[in-house]
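Below: one structure, written as C-alpha cells.
What follows is calculated from the coordinates using simple rules that are stated; it is not laboratory data. The model shown is predicted, which means the values in this text are computed figures rather than measured ones. Glycine also receives a Cβ, built like all others from the backbone with ideal geometry; neighbour counts cover every protein chain displayed.
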Amino acid sequence: MRIAIASDHAALELKATLADWLREGGHAVDDLGPHDGASVDYPDYGYKLAEAVASGAAERGVALCGSGIGISIAVNRNPKVRCALVSEPLSAKLCREHNDANAIAMGARLTGVDMAKACLDAFLTTDFAGDRHVRRVDKLTNPPTA
C-alpha cells in the first residue's frame, strides 16, 4: 500500500520511526516532511497530506503533531479525506470499519511508539464494512444543504 506520512516538528521522531516501520512492512511511504527539527506550522503539512490522499497519490495517510488535534483538523478541511484522531487500536479499527477513514492522526506527546504501531496496524488491516455505513460516509463527503 502507498502511504503518505506528515508531521510537524513535535512529531518528527515518531514520523521517522513509523515511516521506517511501514517500509519494513512492505509499504511504499511518501514522507511529506518536515525533514529537520525547525519549527513548522502543522496546517501546512496537514494540507499536503490531505492533497496526497485526495488526489490518489497515496491510498492512506498518517498525520502526526504534538497532540494530533491540529493536524487532524487541517487534514479534514479536504472533503475527500476522512481523518480520525486515534489513540488506541479500537478507534483505529472502527474509523476504518464504520467511517471508511483514509487517514489517521496521532499525537506524539500522547501516544508512545508501540501504541502508534498498534493503531497503524489496526488501521491498515481493517476493511470498510460498507452496508449501512455507506450512506453515512457519503454524507461526510457531500453534506446535505440546508
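Pairs under 7 Å by beta carbon, first residue farther than 15 Å from residue 66 by Cα in region 32-49, partner aliphatic (A, V, I, L, M) and part of a loop (DSSP other than H, G, I, E, B), six or more apart or different chains?
So the pair list comes out as 48/32; 49/32.
If only one of 115, 106 is hydrophobic (A, V, I, L, M, F, W, C), surrounded by 17 or more Cβ atoms within 10 Å (Cβ to Cβ) and either over 15 Å from the mean Cα position of the chain (by Cα) or closer than 16 Å to residue 11 by Cβ (or both), which one is it? Steps first, answer last, please.
Values: 115 fails: surrounded by 17 or more Cβ atoms within 10 Å (Cβ to Cβ).
Result of the check over 115, 106: 106.
Which ones in region 11-30 are in contact with a strand residue (DSSP E or B) (Cβ under 6 Å, 6 or more places away or on another chain) and not basic (Lys, Arg)?
Applying the first criterion (in contact with a strand residue (DSSP E or B) (Cβ under 6 Å, 6 or more places away or on another chain)) to region 11-30 yields 11, 14-15, 19, 22-23, 27-30.
Hits for region 11-30 are 11, 14, 19, 22, 27, 28, 29, 30.
If you check 118, 101, 129, which single one turns out to be in a helix (DSSP H, G or I) and either touching a Phe, Trp or Tyr at 6+ places or on another chain (Cβ under 7 Å) or without any contact (Cβ under 8 Å) to a residue 60 or more places away in the chain (or both)?
Values: 101 fails: in a helix (DSSP H, G or I); 129 fails: in a helix (DSSP H, G or I).
Going through 118, 101, 129 in turn, the sole match is 118.
Hey, could you check region 53-64 for residues that are touching a helix residue (DSSP H, G or I) at 6+ places or on another chain (Cβ under 9 Å) and outside any helix (DSSP H, G or I) and say which is surrounded by the fewest Cβ atoms within 10 Å (Cβ to Cβ)?
Result: 57.
Per-residue answers, yes or no, for (1) in contact with a helix residue (DSSP H, G or I) (Cβ under 7 Å, 6 or more places away or on another chain); (2) β-branched (Val, Ile, Thr); (3) buried (at least 17 other Cβ atoms within 10 Å of the Cβ):
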site: 37; (1), (2), (3): yes, no, no
site: 51; (1), (2), (3): no, no, yes
site: 66; (1), (2), (3): yes, no, yes
site: 70; (1), (2), (3): yes, no, yes
site: 74; (1), (2), (3): yes, no, yes
site: 79; (1), (2), (3): yes, no, no
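Conditions first: (1) assigned to a loop (DSSP other than H, G, I, E, B); (2) farther than 30 Å from residue 144 by Cβ; (3) among the polar types (S, T, N, Q). Residue 17 passes all but one, so which condition is the exception?
Every listed condition holds for residue 17 apart from (1).
So, residue 37, is that one on the phi > 0 side of the Ramachandran plot and assigned to a loop (DSSP other than H, G, I, E, B) or not?
On the way: on the phi > 0 side of the Ramachandran plot: no; assigned to a loop (DSSP other than H, G, I, E, B): yes.
For residue 37, the condition - on the phi > 0 side of the Ramachandran plot and assigned to a loop (DSSP other than H, G, I, E, B) - is not met.
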